[in-house]
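The structure appears below as structure tokens.
The values are calculated or read from the model by the stated rules, or taken from the named source; none is laboratory data. Bear in mind the structure is a predicted one, so any value in this text is a computation, not a measurement. Neighbour counts run over all protein chains shown; Cβ positions are idealised from the backbone, glycine included. For accessibility, only protein heavy atoms count, side chains too; no ligands or nucleic acids. Shrake-Rupley method; radii C 1.70, N 1.55, O 1.52, S 1.80 Å.
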Amino acid sequence: MVNNYNNLLNMIQNGFPIEPRPFLSIANQLGMSEIEVLKIIKELTEQGTIRRLGGIFDSKKLGYTGTLCAMEVSENKIGEVSQIINSYPCVTHNYLRDHKYNMWFTLIVPSQYSLDAHINEIKNKTGINEIMILNSLQTFKINVNLKIKGE
């Protein structure tokens, strides 16, 4: 069974089938049933082994714009501010750092106008007027594929 878990983890990281029933295709390649594959993925997600299962798209090639933002949030407002930021579907990441600017998040939206509007709305909702905008100058490797072996 360990081998099935490892093989499944390796398969869903690379070459995920783009078809109406991708888990059936994976199951067929592993000699399992579609239900077994879905059960294993559910277990691994509940255990925290899998955090997210989804595609990674080149947002710039799709015509979107995005940026990394940083803001200084007082300790007593971290929960409230993170809930506001996390309520936006265009926020892909939101995390805390040990720094003056302690909350960092990324936005990906269809236009610069939309980006400015979202940032202004977040400022209004959070009451935090200073959001540092950190546009990327160069794209580096964003994909990591782990070769799962052993037990």
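A few notes on this one:
- Candidates Ile85, Ile56 - the one that is open to solvent by 100 Å² or more (accessible area, probe 1.4 Å), of a type in the set (A, V, I, L, M, F, W, C) and under 28 Å from Gln138 (Cβ atoms): Ile56
- Remark: pairs (first residue in the stretch 83-100, over 13 Å from Cys69 (Cα atoms); second residue open to solvent by 100 Å² or more (accessible area, probe 1.4 Å); Cβ separation under 8 Å; 6+ apart in sequence or on different chains) = Ile84/Lys125.
- Residue that is modelled with the highest pLDDT, among those in the stretch 19-65 that are of a type in the set (Asp, Glu) and under 13 Å from Tyr5 (Cβ atoms): Glu36
- The criterion of being in a helix (DSSP H, G or I) and among the acidic types (Asp, Glu) holds for Glu46.
- Top-ranked residue of the stretch 8-35 - restricted to ones that are in a helix (DSSP H, G or I) and in contact (Cβ under 8 Å) with a residue 24 or more places away in the chain, ranked as farthest from Leu53 (Cα to Cα): Leu30
- Within the stretch 55-77, residues that are over 13 Å from Ile122 (Cβ atoms) have Cβ atoms under 8 Å from residues that are among the aromatic types (Phe, Trp, Tyr) in these pairs: Gly55/Phe16; Leu68/Trp104; Leu68/Phe105; Glu72/Tyr101, counting only partners at least 6 apart in sequence or on another chain.
- Of all the listed residues (Glu43, Glu34), the sole one being open to solvent by less than 60 Å² (accessible area, probe 1.4 Å), in contact with a Leu (Cβ under 9 Å, 6 or more places away or on another chain) and acidic (Asp, Glu) is Glu34.
- Test: residue in the stretch 63-78 that is part of a helix (DSSP H, G or I) and either among the small types (Gly, Ala, Ser) or surrounded by 10 or more Cβ atoms within 10 Å (Cβ to Cβ) (or both): yes
- Picking from residues in the stretch 1-16 that are of a type outside the set (A, V, I, L, M, F, W, C) and more than 25 Å from Ile108 (Cβ to Cβ), the one that is least open to solvent (accessible area, probe 1.4 Å) is Asn6.
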